[in-house]
Amino acid sequence: MKTAILDFPIKHIDGNLVFSKDGRVTAYYQVSGFNYDFLDHDDKFIPFQSQLAFLYNNKSDLHYVVEPFPTNIEEILDNTIEDIKQRNYLLKENGIEFMKATKKALINRKNMTETSEYLQFFGVQLNPGKNRYGDENAGLGLINSVKELFKGMNESVNRANGLHANDILEDEILMWHDQSDMVMENLRSAYNCIIRPLQTAETVYLIEKEFSVTLNNSDVPFRRTFFSGMLVEGVDDDGYVQKAIRPVEKSFLDVQDTNIEEHTPTTLKFSKIVNDEIVDLYVKYLVVSDMDSVNYFPNFEWLYNIQSKLKFPVGVSIRAYYQSNERITKRLSNKLLEYDDQRKEAYKAGATTDLSLDLSQKGTIQAEAYFKKSGQPAYACSFVFKVTATSKKELETRYKILKDELVKYGIKVVSPYGEQISLLVERLLGSRQINNDYKIECDSGILAGMMFGATTNIGDNRGFYIGFTERLHRPVFIQPDLAAKSFEGLGNIEDSISAIVAGATGKGKSVFMNLFTYLSVLTGSEAIIIDPKGDRKDWKSLPMIPEEYISLWTLGESKDDAGCLDPFRTSVDIDEGKAIALDILSYLTSTDIKDVEYTILNEAIEYVGETSDPCIGAVIDYLVHLYINRPEGMSDKRYVALEGLKDALLTLKNQPLSVLLFGEVGQNYRTLNVNKPLQVLMVQNLNLPDIETKNLRPSQKISEAILISITAFTKQYMFTQDRSKHKIILQDEASTIDRSPIGRELMDFIIRKGRYYNTTLLKGSQNATDHGNDVANVGMKFSFGLRTRKEAMEMLEFLNLPQTEGNLNKLRSLQKGKCLFQDIYGRTAVIYIDPVFNDILQAFDSSTSTEEERERERRRRDGIKNTSIPDDEETEESYEPETVEMEKEMQEVS
């Protein structure tokens, strides 16, 4: 049958407001979700109690909606390719070719098909007077119904002449939106996450999605210009013009453009023409027929668990009809009277009652006592599940899996005979419970305990692919500059586009930072990498990034590098140059602001700053000149301090690395070529101290000063480059810079101003404690395996996660390539970093093993694995992505 002949329940949609034909108005919101996996036993009660409080104070009928949005890898990467085509940069064609090869490689992976991201929506009926269950008795209810009838008959006349009874005044719509905004604030406190009202196109999309015939909803357009009514006007008794919306029922015909056939009494078959082909989808709707009335929280999170455990998508609709405490206690009291009447009738007939009556009476007595004591309302609920598949066999398999999973929580589901069409309509936004045979009475704790709002989603679902989740292997996509876009409805809680990366040596931290930067450059960003250890010295070229697009500069290799890192030359302006020069020289000479030497240094730097070619060499020359030509009136104390300062700087000037830092007047120094997309800065013979080192040698101090000066240059790089282009500054071994006050200040400035200048600081360090206060100002956070308990505790604090033993062990036991990722929406999950192509993995690998050694190790490992675990019993945890050769994929794409 065509769905157009169904009793479609909606007459108008305005933003998040759904106006039903029976007079109800329901506001729908998207719940962005909150972390739940990493909460300990006690912390799990925080979201539970918040939801419980909301349900306790609520007086409206509610609609919980959990919708799977299958991860469409092809669509995401196609959108990325389209974004690339809109940009103008040197590696544009390479980026497009790479994304096409990535798409092909990912689609070919069987284990990554039909993974879903679950989005959660919450509907609140705004006019409680239209609640399904009222509190008045039958007589009063009849009187009120008659009043409402006469009110409806005269309503259009009272409002304005020329308007129909079905019209909706614009002032009335505004009133409902105001009420919707007030409800939204209550929801935010209930779910402690981003809650936003739906837009009209989103509301229509959710309705039309119910009629989709594809697993990835590719046949559902996003109707940005949808409007379900026409603007009309009328004149009221006072002569004022009243504007209203007159619903047009035909507006929803396209939304229902699907042929629906009752394939069996318990299965529907959807059919539609998509891209000139007839596409079929088998659908089964299930309802809860029985559920335990006892809440076993925190082990009752069945709604959350079916999202995180089942490998196929399941849609869930829960209608919860409010019943006041007075109503439910009176009903229970009446029920007890019915039991007494049954006993009396049985006694008159000379019969006895069975055990079931005694058990029912006992349960009713307990329920009545509970509701009287707690004062809680009750909810009459209808639970509807939607399962889809492309074949009847697969549909039945999924139905049995879902059924078995729910039984673990004391929930029994059935597929009602001949009621599939009714259940389809019931799931629609703004609809109502149609099949009244399956009604579950429960208290607020049952609804709160299912943990609606807890999410397993992670990433942006746009941009480039970085890996997959540990659970269900869902692909993870990120767009590094997304947080700065200020897109409406994005729902991010972090606005910074900078990121921190922590992890012990050998856990995959450097590979990930390289991959992050590499993929960003291929998609249009520009990057500069500060590499103190020289790990990237072999980057003559990279897969898809030829040599001519990479600037590889090892400072100290050429005589032309002399003086290039002088702080006067790396800073944004002369004032900053003077400040950094003073900090560096006072640090190198161990001078404090209270010392006479500090004052002398400041005077020298201020003098040199006014010259035409300021540099540290000029500062030293000034001090030498001042020492030789002692001014009259200079005290002996000051002269001795000048001598010590001069000698110390002349001694430091003899250090091999100082030639980079101490510029000379008239020097023809080399500058960084900023015309290439990828630039790597390394320093030859850099001698960085360990974090435990207390007494630093001169060469170590100069090494740190050089990194500070390089950081000052990156600030200049951020200011002078095109603001419209996204830039990345990869700062490896950032702990060394953070150790200095001026270095920490520079890093903090880049992080705080990075959003405005469209610059991401990708800050990497081996320890979580190295990042300090920067964590409050960054967006994405990545933590690879950490060695010590202290570091793990610090990282959990950064991520705002409880410091439980389970979480500490998780962070300390992360295998190579796995990390704990927190996105810009505040969601956290363990993900596996996946370069996809073996060429990239080899290019970024910093280990000392040869390919032959790795191959022998793989054979040895596989031999051990084959003797202990049969192939058909390999666990999900043992899965590793199979990297492929890029050249082969490129050829096939071409």
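The values are calculated or read from the model by the stated rules, or taken from the named source; none is laboratory data. Because the structure is a prediction, the values reported are computed rather than measured. A quick note on method: Cβ atoms are made from the backbone with ideal geometry, for glycine too, and the neighbour counts reach across all protein chains shown.
Checking THR456 against (1) at pLDDT below 85; (2) among the polar types (S, T, N, Q); (3) outside the structural domain of ARG812 (by TED's automatic domain parsing); (4) more than 14 Å from the chain's Cα centre (by Cα), which single condition isn't satisfied?
Exception for THR456: condition (4).
I need the full set of residues from the stretch 575-607 which are exposed (fewer than 15 other Cβ atoms within 10 Å of the Cβ) and either in contact (Cβ under 8 Å) with a residue 40 or more places away in the chain or assigned to a loop (DSSP other than H, G, I, E, B) (or both), in order please.
At the first step, the residues of the stretch 575-607 found to be exposed (fewer than 15 other Cβ atoms within 10 Å of the Cβ) are 575, 590, 592-594, 599, 603, 606-607.
Within the stretch 575-607, SER590, ASP592, ILE593, LYS594 qualify.
Is it fair to say GLY491 is surrounded by fewer than 20 Cβ atoms within 10 Å (Cβ to Cβ) and either under 26 Å from PHE749 (Cβ atoms) or assigned by TED's automatic domain parsing to the domain that holds ARG109 (or both)?
So GLY491 fits the description; yes.
Does LYS763 fit the bill of being touching a strand residue (DSSP E or B) at 6+ places or on another chain (Cβ under 9 Å), at pLDDT 85 or above and of a type in the set (Lys, Arg)? First the steps, then the outcome.
Values: touching a strand residue (DSSP E or B) at 6+ places or on another chain (Cβ under 9 Å): yes; at pLDDT 85 or above: yes; of a type in the set (Lys, Arg): yes.
In short, yes.
Counting only residues that are over 25 Å from LEU811 (Cα atoms) and surrounded by fewer than 19 Cβ atoms within 10 Å (Cβ to Cβ), how many does the stretch 462-481 have?
1
Within the stretch 276-316, how many residues turn out to be assigned to a loop (DSSP other than H, G, I, E, B) and either more than 17 Å from PHE211 (Cβ to Cβ) or aliphatic (A, V, I, L, M) (or both)? So that I can check it myself, show each step before the final result.
So the first thing to find is which residues in the stretch 276-316 are assigned to a loop (DSSP other than H, G, I, E, B), and the list is 276, 292-301, 310-313.
Retained after the next criterion (residues that are either more than 17 Å from PHE211 (Cβ to Cβ) or aliphatic (A, V, I, L, M) (or both)): 276, 292-301, 310-312.
Total meeting the criteria: 14.
Evaluate the stretch 779-788: report whether one residue or more is surrounded by fewer than 17 Cβ atoms within 10 Å (Cβ to Cβ) and either at negative phi or not assigned by TED's automatic domain parsing to the domain that holds TYR518 (or both).
If we filter the stretch 779-788 for residues that are surrounded by fewer than 17 Cβ atoms within 10 Å (Cβ to Cβ), which is where we start, we get 787-788.
If we keep only those that are either at negative phi or not assigned by TED's automatic domain parsing to the domain that holds TYR518 (or both) too, we end up with 787-788.
Yes, that holds for at least one residue.
Quick check on my filter: what residues within the stretch 82-100 are of a type outside the set (D, E, K, R) and either more than 27 Å from the chain's Cα centre (by Cα) or crowded, with 19+ Cβ neighbours inside 10 Å (or both)? If you could, list the steps in order and put the result at the bottom.
Step one: list which residues in the stretch 82-100 are of a type outside the set (D, E, K, R), which gives 84, 86, 88-91, 94-96, 98-99.
Correct list: ILE84, ASN88, TYR89, LEU90, LEU91, ASN94, GLY95, PHE98, MET99.
Looking at the stretch 150-165, can you tell me whether even one residue there is at pLDDT 90 or above and not in a helix (DSSP H, G or I)?
No: zero hits.
Which residue out of ASN295, ASN259, ASN216, ASN305 is in contact (Cβ under 8 Å) with a residue 40 or more places away in the chain and in contact with a Pro (Cβ under 6 Å, 6 or more places away or on another chain)? Working first, answer last.
Working: ASN295 fails: in contact with a Pro (Cβ under 6 Å, 6 or more places away or on another chain); ASN259 fails: in contact with a Pro (Cβ under 6 Å, 6 or more places away or on another chain); ASN305 fails: in contact with a Pro (Cβ under 6 Å, 6 or more places away or on another chain).
That would be ASN216, the only listed residue that is in contact (Cβ under 8 Å) with a residue 40 or more places away in the chain and in contact with a Pro (Cβ under 6 Å, 6 or more places away or on another chain).
With of a type in the set (Phe, Trp, Tyr) and in the same structural domain as SER658 (by TED's automatic domain parsing) as the only criterion, which of TYR587, TYR549 stands out?
Selected residue: TYR587, the only one of TYR587, TYR549 that is of a type in the set (Phe, Trp, Tyr) and in the same structural domain as SER658 (by TED's automatic domain parsing).
Mind checking whether some residue in the stretch 425-445 is of a type outside the set (A, V, I, L, M), at pLDDT 90 or above, closer than 14 Å to LEU286 by Cα and assigned to a helix (DSSP H, G or I)? Show your work before the answer.
Here is the first cut: in the stretch 425-445, the residues of a type outside the set (A, V, I, L, M) are 426-427, 430-433, 435-439, 441-445.
With at pLDDT 90 or above added as a condition, the list becomes 426-427, 430-433.
Okay, now just the ones that are also closer than 14 Å to LEU286 by Cα, so 426-427, 433.
Narrowing the set further to residues that are assigned to a helix (DSSP H, G or I) leaves 426-427.
Yes; the residues of the stretch 425-445 include at least one that is of a type outside the set (A, V, I, L, M), at pLDDT 90 or above, closer than 14 Å to LEU286 by Cα and assigned to a helix (DSSP H, G or I).
Quick check, is LEU841 part of a loop (DSSP other than H, G, I, E, B) and either out of contact with any Phe, Trp or Tyr (no Cβ under 8 Å at 6 or more places or on another chain) or in contact (Cβ under 8 Å) with a residue 24 or more places away in the chain (or both)? First the steps, then the outcome.
On the way: part of a loop (DSSP other than H, G, I, E, B): no; either out of contact with any Phe, Trp or Tyr (no Cβ under 8 Å at 6 or more places or on another chain) or in contact (Cβ under 8 Å) with a residue 24 or more places away in the chain (or both): yes.
For LEU841, the condition - part of a loop (DSSP other than H, G, I, E, B) and either out of contact with any Phe, Trp or Tyr (no Cβ under 8 Å at 6 or more places or on another chain) or in contact (Cβ under 8 Å) with a residue 24 or more places away in the chain (or both) - is not met.
Kindly indicate whether LEU106 is at pLDDT 90 or above, buried (at least 17 other Cβ atoms within 10 Å of the Cβ) and either closer than 30 Å to THR214 by Cβ or out of contact with any strand residue (DSSP E or B) (no Cβ under 6 Å at 6 or more places or on another chain) (or both). Working first, answer last.
Values: at pLDDT 90 or above: no; buried (at least 17 other Cβ atoms within 10 Å of the Cβ): yes; either closer than 30 Å to THR214 by Cβ or out of contact with any strand residue (DSSP E or B) (no Cβ under 6 Å at 6 or more places or on another chain) (or both): yes.
No: the conditions fail for LEU106.
Among the listed residues TYR29, TYR64, which satisfies the condition of being modelled with pLDDT of 90 or more, buried (at least 19 other Cβ atoms within 10 Å of the Cβ), under 19 Å from TRP302 (Cβ atoms) and hydroxyl-bearing (Ser, Thr, Tyr)?
Values: TYR29 fails: under 19 Å from TRP302 (Cβ atoms).
Exactly one residue qualifies, and that residue is TYR64.
Are any residues in the stretch 718-748 small (Gly, Ala, Ser) and under 18 Å from LEU696 (Cα atoms), and if so, which ones? Spell out the reasoning first.
Within the stretch 718-748, the first condition is being small (Gly, Ala, Ser), and the residues that meet it are 724, 734-735, 740, 743.
Of everything in the stretch 718-748, those that are small (Gly, Ala, Ser) and under 18 Å from LEU696 (Cα atoms) turn out to be ALA734, SER735, SER740, GLY743.
Yes or no, residue by residue, for (1) part of a loop (DSSP other than H, G, I, E, B); (2) farther than 22 Å from ARG723 by Cα; (3) modelled with pLDDT under 90; (4) of a type outside the set (D, E, K, R):
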residue	(1), (2), (3), (4)
ALA504	yes, yes, yes, yes
VAL511	no, yes, no, yes
PHE516	no, no, no, yes
ALA527	no, no, no, yes
GLY534	yes, yes, yes, yes
TRP539	yes, yes, yes, yes
CYS564	yes, yes, yes, yes
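Can you tell me which residue among VAL232, VAL204 is assigned to a helix (DSSP H, G or I), in the same structural domain as VAL274 (by TED's automatic domain parsing) and in contact with a Lys or Arg (Cβ under 7 Å, 6 or more places away or on another chain)? Let's see the steps before the verdict.
Working: VAL232 fails: assigned to a helix (DSSP H, G or I).
Just a single option satisfies the conditions, and that option is VAL204.
Give all pairs with beta carbons closer than 6 Å in which a residue from the stretch 803-823 that is farther than 19 Å from ASN457 by Cβ and touching a residue at least 60 places away in the same chain (Cβ under 8 Å) meets a residue that is of a type in the set (Asp, Glu) and surrounded by fewer than 20 Cβ atoms within 10 Å (Cβ to Cβ); count only pairs at least 6 apart in sequence or on separate chains.
Taking only residues 6 or more apart or on different chains, the pairs are THR804/ASP40.
Looking at (1) surrounded by 15 or more Cβ atoms within 10 Å (Cβ to Cβ); (2) touching a Pro at 6+ places or on another chain (Cβ under 9 Å), find the lone condition where MET230 falls short.
(1)
Residues are listed down the side, and each one gets a yes or a no for (1) touching a strand residue (DSSP E or B) at 6+ places or on another chain (Cβ under 8 Å); (2) under 16 Å from LEU522 (Cβ atoms); (3) touching a residue at least 40 places away in the same chain (Cβ under 8 Å):
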{"site": "ASN72", "(1), (2), (3)": "no, no, yes"}
{"site": "ILE76", "(1), (2), (3)": "yes, yes, yes"}
{"site": "ILE81", "(1), (2), (3)": "no, yes, no"}
{"site": "ILE84", "(1), (2), (3)": "no, yes, yes"}
{"site": "ASN88", "(1), (2), (3)": "no, yes, no"}
{"site": "GLU97", "(1), (2), (3)": "no, yes, yes"}
{"site": "ALA101", "(1), (2), (3)": "yes, yes, yes"}
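Select from the stretch 388-410 the residues that are among the hydroxyl-bearing types (Ser, Thr, Tyr), surrounded by fewer than 18 Cβ atoms within 10 Å (Cβ to Cβ) and in a loop (DSSP other than H, G, I, E, B) and list them in ascending order.
Residues of the stretch 388-410 among the hydroxyl-bearing types (Ser, Thr, Tyr): 388, 390-391, 397, 399, 409.
After this cut, where a residue has to be surrounded by fewer than 18 Cβ atoms within 10 Å (Cβ to Cβ) as well, the list is 390-391, 397.
Within the stretch 388-410, THR390, SER391 qualify.
Just to verify a result, which residue in the stretch 635-655, among those that are in contact (Cβ under 8 Å) with a residue 40 or more places away in the chain and farther than 19 Å from PRO614 by Cβ, is surrounded by the most Cβ atoms within 10 Å (Cβ to Cβ)?
Going through the stretch 635-655, the residues in contact (Cβ under 8 Å) with a residue 40 or more places away in the chain turn out to be 637-638, 641-642, 644-645, 648-649, 651-652, 655.
Still in the running and farther than 19 Å from PRO614 by Cβ: 637-638, 641-642, 644, 648, 651, 655.
Values: LYS637: 9, ARG638: 16, ALA641: 19, LEU642: 21, GLY644: 16, ALA648: 18, THR651: 12, GLN655: 18.
Among those that are in contact (Cβ under 8 Å) with a residue 40 or more places away in the chain and farther than 19 Å from PRO614 by Cβ, it is LEU642.
Between TYR832, TYR825, which is at pLDDT below 90, within 21 Å of GLU470 (Cα to Cα) and either out of contact with any Phe, Trp or Tyr (no Cβ under 6 Å at 6 or more places or on another chain) or crowded, with 17+ Cβ neighbours inside 10 Å (or both)?
Numbers: TYR832 fails: at pLDDT below 90.
Only one candidate qualifies: TYR825.
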